[in-house]
Amino acid sequence: MLRHLTSKIKATGPISVAEYMREVLTNPVMGYYVQNDMLGPDGDFITSPEISQIFGELLGIWCLSEWIGAGKPSRFQLVEFGPGRGSLANDILRVFSQLRGALGGAAVSVHLVEVSPKLSQVQAQCLTGDQSQVSASEDEPVYRQGTSTTGLPISWYRNLDDVPRGFSIYLAHEFFDALPIHKFQGTEKGWREVMVDIDPDEPGKLRLVIVPAPTLASTQLIQADEKRRHVEVCPEGGVIVQRLANRIAEDGGAALIADYGHDGTKTDTFRGFKGHKLHDVLASPGSADLTADVDYSYLRRMAGATVACMGPVSQKDFLKNMGIDTRLQVLLRNCADPSTRAQLIQGYDMLTNPLKMGERFQFFTMLNHSRLTRPEQSKGGKKMAPVPKKGPAPLPVAGFSELGLS
């Protein structure tokens with residue numbers, strides 16, 4: 001990978017941080033995500049669904065709650081971006097199975113957006129056992145299909161555009177933080193892009209440089225009222241959010257984005273992880289995960305007025321609003337094994353402790369505008385504006401409002 005990048009830079013000059021991330025993470029031959037199963041204790045990082053089953057269970061409840069809040073449509077697509085090992089989807093599908101009565105006769109299907117063939121195998125094993133088949137042709141939009149252990153159809157796609165239209169709940173857990181970012185530095189001459197170049201003193205090493213002239217990205221991607229002196233922008237994330245917003249506005253549904261993030265306040269968050277430790281982003285490219293915190297203020301701006309946005313709220317607040325304390329007590333009450341009890345308590349602490357994942361992890365949602373308005377009144381077949389204080393108030397959006405237990 002280093003040889004590949006240095007020859008590229010020698011041929012065309014410094015490359016953007018976005019191009020560097022894209023090559024290092026998703027190059028079809030040598031990319032980190034293409035080559036590795038990087039999750040879990042033996043990998044480079046552990047995600048919340050790997051830490052505790054409660055996390056996925058509560059997200060399953062959130063999906064059901066939003067389906068109910070939308071009026072229980074007859075078709076219900078669960079779409080997950082970058083599903084990791086399939087742990088989150090597995091926990092959610094267990095909830096769907098246990099609450100099958102609440103789903104009525106809704107036709108539920110699962111749609112996974114995954115670029116890594118290797119991870120799709122891991123996911124298929126987790127979710128279907130041996131009940132999945134790979135498509136005969138690589139050009140097929142659905143490259144793998146199967147049936148979950150709970151009897152639901154599951155399909156795999158390389159990108160969102162291939163996922164069928166229709167009412168959908170979209171989940172993106174630790175997905176946006178791996179999308180390529182551009183980095184910019186404010187200078188006396190205006191905004192300049194930070195790029196990756198070969199170190200002239202050590203030709204076998206890479207370094208970050210501020211390029212002297214403006215680039216297309218530095219002239220297009222910075223807001224006129226930007227107050228920070230160093231900014232990271234993820235245009236790919238912005239495009240995905242716009243596509244999601246359009247789908248939610250036209251077909252109904254909601255998106256839940258959960259990631260390390262901030263609301264337009266942080267500056268330099270680009271970092272690498274290898275063996276659960278921080279790793280120099282430019283050292284041995286392709287051997288470590290690269291990530292940058294999600295700027296939710298940018299995602300909100302990209303979504304525009306197409307959808308209603310809520311958040312970000314901290315993971316601690318979201319999970320407490322979803323009833324994690326009550327769920328933990330139920331599990332502990334039904335569990336006699338001391339090591340399992342200790343594991344449950346440790347997982348709860350990892351997820352909610354402000355010094356661990358509780359504050360750094362943030363939740364953000366996009367909803368169809370109709371979700372937050374009272375049902376429309378109709379007269380003689382004509383729709384009228386929502387009438388205040390008539391008809392039932394919309395359900396609160398779970399996780400983003402305080403939980404009231406009666």
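Just to be sure, is residue 192 under 21 Å from residue 1 (Cα atoms) and assigned to a strand (DSSP E or B)? Against the criterion (under 21 Å from residue 1 (Cα atoms) and assigned to a strand (DSSP E or B)), residue 192 does not qualify. Taken over region 195-236, the criterion of being among the β-branched types (Val, Ile, Thr) and either in a loop (DSSP other than H, G, I, E, B) or over 13 Å from residue 267 (Cα atoms) (or both) is satisfied by 196, 198, 209, 210, 211, 215, 219, 222. Look at (1) modelled with pLDDT under 95; (2) open to solvent by less than 40 Å² (accessible area, probe 1.4 Å); (3) in contact with a Leu (Cβ under 8 Å, 6 or more places away or on another chain) and you find that residue 38 fails only one, number (3).
Taken together, 268, 280, 293 contain a single residue that is modelled with pLDDT of 95 or more, touching a strand residue (DSSP E or B) at 6+ places or on another chain (Cβ under 8 Å), within 26 Å of residue 398 (Cα to Cα) and among the acidic types (Asp, Glu), which is 293.
Among the residues of region 84-113, count how many are assigned to a loop (DSSP other than H, G, I, E, B) and open to solvent by less than 10 Å² (accessible area, probe 1.4 Å). Qualifying residue count for the region: 1. If the requirement is being surrounded by fewer than 19 Cβ atoms within 10 Å (Cβ to Cβ) and within 30 Å of residue 89 (Cβ to Cβ), which of these qualifies: 207, 158, 229? Of 207, 158, 229, the one residue that is surrounded by fewer than 19 Cβ atoms within 10 Å (Cβ to Cβ) and within 30 Å of residue 89 (Cβ to Cβ) is 158. Looking across region 305-334 at every residue that is among the hydroxyl-bearing types (Ser, Thr, Tyr) and within 24 Å of the chain's Cα centre (by Cα), the one that is nearest to residue 254 (Cα to Cα) is identified as 306.
The values are calculated or read from the model by the stated rules, or taken from the named source; none is laboratory data. In this text the structure is predicted, and so the values were computed from the model without any measurement. In this analysis, Cβ positions are derived from the backbone assuming ideal geometry, glycine residues included, and neighbour counts consider all displayed protein chains. The protein model used for the area step is the full one, side chains on, heavy atoms only, and it has no ligands, DNA or RNA in it. Shrake-Rupley method; radii C 1.70, N 1.55, O 1.52, S 1.80 Å.
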